[in-house]
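Just below is one structure, and these are the notes that go with it.
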Amino acid sequence: MKKNKFSTLDMDSLQMHASARPGKIEIHPTKPLLTQRDLALAYSPGVAAPCREIANDPSKVYDYTSKGNIVAVISNGTAVLGLGNLGASASKPVMEGKAVLFKRFADVDGFDLEIDTNDVEEFINCVKYLGPSFGGINLEDIKAPECFIIEQRLKELMDIPVFHDDQHGTAIIAAAGLFNACELTSRNVEEIRIVVNGAGAAAISCVELLKSMGVSPLNIVMCDSKGVIFAGRQDGMNQWKSAHAIQTNNRTLEESLKDADVFLGMSVKGALTENMVKSMAKEPIIFAMANPDPEILPEQVEAIRPDAIMATGRSDYPNQINNVLGFPFIFRGALDVRARLINDEMKIAAAKALAQLAKENVPDEVAAAYSGRNLKFGKNYIIPVPFDPRLIAAVPPAVARAAMETGVARKPISDVQKYKTELSARLDPTVASLQTISAEVTMNKKKVVFAEGEQERSIKAAIGYQSSGYGEAILVARRDVVEDKIKEMGIKNSELLDIKIINASESEHNTEYLERLYILLQRKGYLLRDCKRLINQDRNIFASCMVQAGHADAMVTGLTRAYKTSLNEVCKVIPPNKNELVFGLSLLVGAKGTLFVADTSVNERPNSNELCQIAKQSASFARSMGHEPRIAFLSYSNFGNPPGGIADGIREAVKFLEKENVNFEFDGEMGIDVALSLDRDKNYPFCNLSGPANVLIMPGLHSANISTTLVQHHGLSNNIGPILMGLSKPVQIVSMNSSVSDLIQMALMSAHGAIKTDALL
């Protein structure tokens with residue numbers, strides 16, 4: 001067996017996939033199954049009722065089961081990523097990942113199936129009987145030309161959508177970008193000359209879609225590794241290539257590109273040369289989509305043809321041709337109208353919807369995430385970015401409409417506007433906001449100091465932060481200790497070369513830090529020698545001094561000391577913001593959405609004024625994460641019943657807030673059941689909350705910490721935080737049992753805090 005060499009990213013990925021419950025997906029029931037009656041309804045004898053109804057009318061399977069929201073993600077592993085034929089089992093991590101993307105972007109339940117055969121007929125025979133179980137079939141990572149046969153046959157045999165994303169996904173996104181590029185360069189789509197390099201599944205599907213959208217077949221030249229696919233060629237041909245052969249005297253890619261308007265590359269790195277680009281028509285359109293490295297780099301094109309419009313498959317350049325812009329939303333629309341298939345009209349509708357979205361004004365939160373890029377319709381913005389929250393309300397309705405107009409929809413949608421509203425409500429904005437934060441940090445790289453730099457998890461997190469492109473990571477540590485650690489961990493030394501390591505006792509800035517610290521602490525009982533000891537020996541103090549002096553932008557700590565201890569050390573150097581309170585805000589991200597809970601880490605018994613301030617700062621943060629805050633001040637009491645001392649203080653906080661001109665909903669005191677109730681108005685019609693609360697202000701640290709920890713450990717949600725609020729410089733303190741992923745997430749939050757701080761200056 002071949003032994004693989006692993007990078008840190010590889011090892012972290014392996015650990016992530018293997019940790020807790022292995023894999024990336026699991027099944028959760030949508031109905032309560034706690035009592036004997038619950039079981040009687042869900043299974044025997046009650047389940048007989050929907051069975052009889054479906055037997056009498058098979059279409060009711062959509063009404064009584066989850067079929068209408070489940071897509072089977074199916075592969076045989078013959079073309080896994082760019083790794084080749086790895087087999088069915090080795091494709092499962094990719095298929096699970098695809099299922100996760102379905103859920104993340106469109107709330108579609110993906111169910112992966114890996115079929116252990118390379119035989120086309122066996123594969124078809126296996127899949128064709130799955131129609132009763134699923135609302136759609138997404139084929140993935142099946143090599144050409146077998147993928148063409150499989151998809152076509154299954155489309156003929158099944159009455160649910162069958163879609164091979166490797167073919168059509170790239171085609172749809174590329175078509176959207178191409179049509180916008182043509183508009184920007186005043187080209188007529190029917191007249192453009194296109195050269196396609198590559199003749200695999202994606203390339204052939206691209207050509208077929210473009211022809212169906214009006215591009216003249218005579219104006220598309222396709223090339224493969226043997227040159228131009230021309231009429232009469234015998235070498236290396238098959239029926240799918242032959243369908244796109246044309247009459248031409250050109251035999252090479254270079255000859256074909258002379259005066260061509262468009263290059264579409266789905267081939268290999270370096271296939272497109274600078275001389276070829278120079279020979280193209282005015283304002284050439286170049287889509288170099290080879291992965292991971294494009295046929296030519298954008299900076300190379302910019303140097304020789306600044307008039308070109310360029311797109312790649314990479315996220316670090318403008319105009320990313322990313323399949324995630326397509327398949328989740330195409331299936332969403334197809335499922336919602338119970339489509340029998342996904343036809344060309346639905347693909348074209350998706351492409352046009354994407355093209356149109358790129359012409360509309362980009363929301364501020366999306367623009368902020370990609371600061372440094374001009375997200376305004378133009379040569380560097382011809383298709384939407386993947387994390388645009390408007391995608392789910394733009395693409396599925398277009399797909400659904402096309403399905404209805406072409407007669408393949410079995411459940412037409414009458415109120416499209418209502419449908420769009422329902423689509424937007426399907427996704428928790430927190431996830432999108434976290435992705436936005438990641439993108440914003442990537443575009444505005446920040447230096448983050450990891451105070452506990454000799455800890456294994458800190459080292460891994462620093463490498464992960466920097467290698468992910470978020471910015472510079474700094475370890476406060478002794479270099480020899482770190483080097484010994486990485487040997488023990490099996491990390492390649494090369495991955496550490498770019499990581500800055502600073503020994504606190506040997507820093508060139510110690511004198512500067514000492515002067516600052518002594519001024520801060522000399523009237524708090526500290527002598528000069530005490531401050532010198534803190535600078536040289538206390539890594540939290542040293543790291544805080546780095547941030548305060550501007551030698552680092554942000555800081556992460558907490559692995560080796562209690563939260564309160566770490567906070568006290570940080571606060572010796574970094575003061576709170578004026579008119580703000582320091583507290584911890586936790587995000588509980590679960591199946592039913594996100595709850596913001598405060599204060600979970602700092603203030604043991606906040607008084608009424610402090611509760612009021614916590615509410616205001618929490619509301620601001622919740623809004624920055626895409627949520628319209630509805631704040632509940634929690635207690636054991638509901639609006640005075642029963643009365644009590646603690647509840648009195650909470651009611652007083654509400655009265656304080658009522659006197660201020662705040663722009664968010666709030667009310668209290670109330671119990672958690674009332675705060676989260678969907679029918680609160682039945683008993684409390686006077687309550688000022690328009691829906692379930694999403695920001696919970698706790699009466700004390702004990703209740704806040706216990707409740708959030710309990711929910712997390714019981715597997716009911718993912719807990720992000722507590723996020724430290726109110727300090728004048730961005731610092732995040734993690735819990736001592738935090739994982740590497742937790743550290744990187746908090747480093748991102750800290751770096752994002754630095755970006756926001758910069759914006760206020």
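The values are calculated or read from the model by the stated rules, or taken from the named source; none is laboratory data. For clarity, every value in this text was computed on a predicted model and none was experimentally measured. Note: ideal-geometry Cβ built from the backbone for every residue, glycine included; neighbour counts use all protein chains shown.
Could you tell me whether region 174-189 includes any residue that is closer than 24 Å to G326 by Cα and in a loop (DSSP other than H, G, I, E, B)? Scanning region 174-189, I find at least one residue that is closer than 24 Å to G326 by Cα and in a loop (DSSP other than H, G, I, E, B), so the answer is yes.
With respect to the stated conditions, A653 fails to be over 25 Å from the mean Cα position of the chain (by Cα), closer than 16 Å to A693 by Cα and assigned to a helix (DSSP H, G or I). Applying the set (1) in a loop (DSSP other than H, G, I, E, B); (2) under 21 Å from A754 (Cβ atoms) to K524 leaves exactly one unmet item: (2). Comparison of E628, E569, E604 shows that the only residue that is in contact with a helix residue (DSSP H, G or I) (Cβ under 7 Å, 6 or more places away or on another chain), in a loop (DSSP other than H, G, I, E, B) and charged (D, E, K, R) is E604.
From the list T170, T185, which residue is buried (at least 24 other Cβ atoms within 10 Å of the Cβ) and either more than 20 Å from I124 (Cβ to Cβ) or in contact with a strand residue (DSSP E or B) (Cβ under 7 Å, 6 or more places away or on another chain) (or both)?
Numbers: T185 fails: buried (at least 24 other Cβ atoms within 10 Å of the Cβ).
Of the residues listed, the single one that is buried (at least 24 other Cβ atoms within 10 Å of the Cβ) and either more than 20 Å from I124 (Cβ to Cβ) or in contact with a strand residue (DSSP E or B) (Cβ under 7 Å, 6 or more places away or on another chain) (or both) is T170.
Of all residue pairs spaced 6 or more apart or on separate chains, those with beta-carbon atoms under 7 Å, a first member in region 404-431 that is among the aromatic types (F, W, Y) and a second member that is part of a helix (DSSP H, G or I) are Y419/P397.
For A367, state whether it is buried (at least 21 other Cβ atoms within 10 Å of the Cβ) and either in contact (Cβ under 8 Å) with a residue 24 or more places away in the chain or over 26 Å from M280 (Cβ atoms) (or both). If you could, list the steps in order and put the result at the bottom.
Details: buried (at least 21 other Cβ atoms within 10 Å of the Cβ): no; either in contact (Cβ under 8 Å) with a residue 24 or more places away in the chain or over 26 Å from M280 (Cβ atoms) (or both): yes.
It is false that A367 is buried (at least 21 other Cβ atoms within 10 Å of the Cβ) and either in contact (Cβ under 8 Å) with a residue 24 or more places away in the chain or over 26 Å from M280 (Cβ atoms) (or both).
For beta carbons closer than 8 Å, sequence separation of 6+ or different chains, a first residue in region 507-528 that is acidic (D, E) and a second that is part of a helix (DSSP H, G or I), the qualifying pairs are E512/A549. The combined condition, being more than 30 Å from K411 (Cβ to Cβ), at pLDDT below 90 and surrounded by fewer than 16 Cβ atoms within 10 Å (Cβ to Cβ), is fulfilled by T35. Could you list, in sequence order, the residues of region 470-509 that are surrounded by fewer than 17 Cβ atoms within 10 Å (Cβ to Cβ), over 36 Å from the mean Cα position of the chain (by Cα) and modelled with pLDDT under 90? Selection gives D480, S505, E506, E508.
Where residues in region 574-601 are in a loop (DSSP other than H, G, I, E, B) and touching a Phe, Trp or Tyr at 6+ places or on another chain (Cβ under 7 Å), which of them is farthest from D673 (Cα to Cα)? Here the answer is S601.
Only residues in region 605-631 that are within 12 Å of F666 (Cα to Cα) count as the first member; pair them with residues that are acidic (D, E), Cβ under 6 angstrom, at least 6 apart or cross-chain, and list the lot. Matching pairs, first to second residue: R630/E665.
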